[in-house]
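K.L.:
Sharing a structure here in structure tokens format.
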Amino acid sequence: MSENFMLQIMDISKIFGYGFLGRIKFPAVDRVSLNMEDEPKIFTIAGESGCGKTTLARIILGMIEPSSGTLLYKNKNMQKFSSKDKMLFLKEVQGVFQDPYDTFNPLKRVETYLYEAARNLLGLKDYGEASKYIDDTLKFMGLSLKDVKGKYPREFSGGEPLLKIRILRR
């Protein structure tokens, strides 16, 4: 364990059972380990179709439990998070899956989601302050608020990779 890592994934595995009474075992994620340094960044999981990217992303985001291994976020074991820890985690970590059509309402402009997130997750009530934060965050990802404003989800490429995890900082 190191103080320099925001996220540590240590020997994570996920085995699914299928067939009669789940007797056939399928390792979707097999002993994955990685570290993410303690600084804002975009973290990408890329690989062949069927190699476990979505399963690993869902484990990181707390959507499914690993079969074995340890996940640490800010040196805290994620499998032992309290409700408060989970809320703090979800304020700082956002998963963006490849298919925007499954994620966003196609009739709602993308900037609406960004302003809602700034208001609800970061407490930014002032429009100007929220706009600056959103623009700075988008610039970090190679975009700007100007690039996004007025556009609908269908106007963006789903593109590779499957998942980007953005650590939000204020």
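K.L.:
Being outside the structural domain of residue 26 (by TED's automatic domain parsing) and either of a type outside the set (Phe, Trp, Tyr) or modelled with pLDDT of 85 or more (or both): is that true of residue 145 here?
P.N.:
Yes.
K.L.:
Next up: Out of all the residues in the stretch 44-71, which are closer than 19 Å to residue 92 by Cβ and touching a helix residue (DSSP H, G or I) at 6+ places or on another chain (Cβ under 6 Å)?
P.N.:
Passing the criteria: 45, 71.
K.L.:
Can you find even one residue in the stretch 125-134 that is touching a residue at least 24 places away in the same chain (Cβ under 8 Å), more than 19 Å from residue 38 (Cα to Cα) and of a type outside the set (S, T, N, Q)?
P.N.:
Looking for residues that are touching a residue at least 24 places away in the same chain (Cβ under 8 Å), more than 19 Å from residue 38 (Cα to Cα) and of a type outside the set (S, T, N, Q), one finds at least one in the stretch 125-134, hence yes.
K.L.:
Filter the strands (runs of 3 or more DSSP E) completely within the stretch 1-60 down to those with at least 3 residues that are in contact with a Pro (Cβ under 7 Å, 6 or more places away or on another chain).
P.N.:
Here the list reads 5-18.
The values are calculated or read from the model by the stated rules, or taken from the named source; none is laboratory data. Everything numeric in this text was worked out from a predicted model, so none of it was measured. Methodologically, a virtual Cβ is constructed for each residue, glycine included, from the backbone with ideal geometry; neighbour enumeration extends over all protein chains shown.
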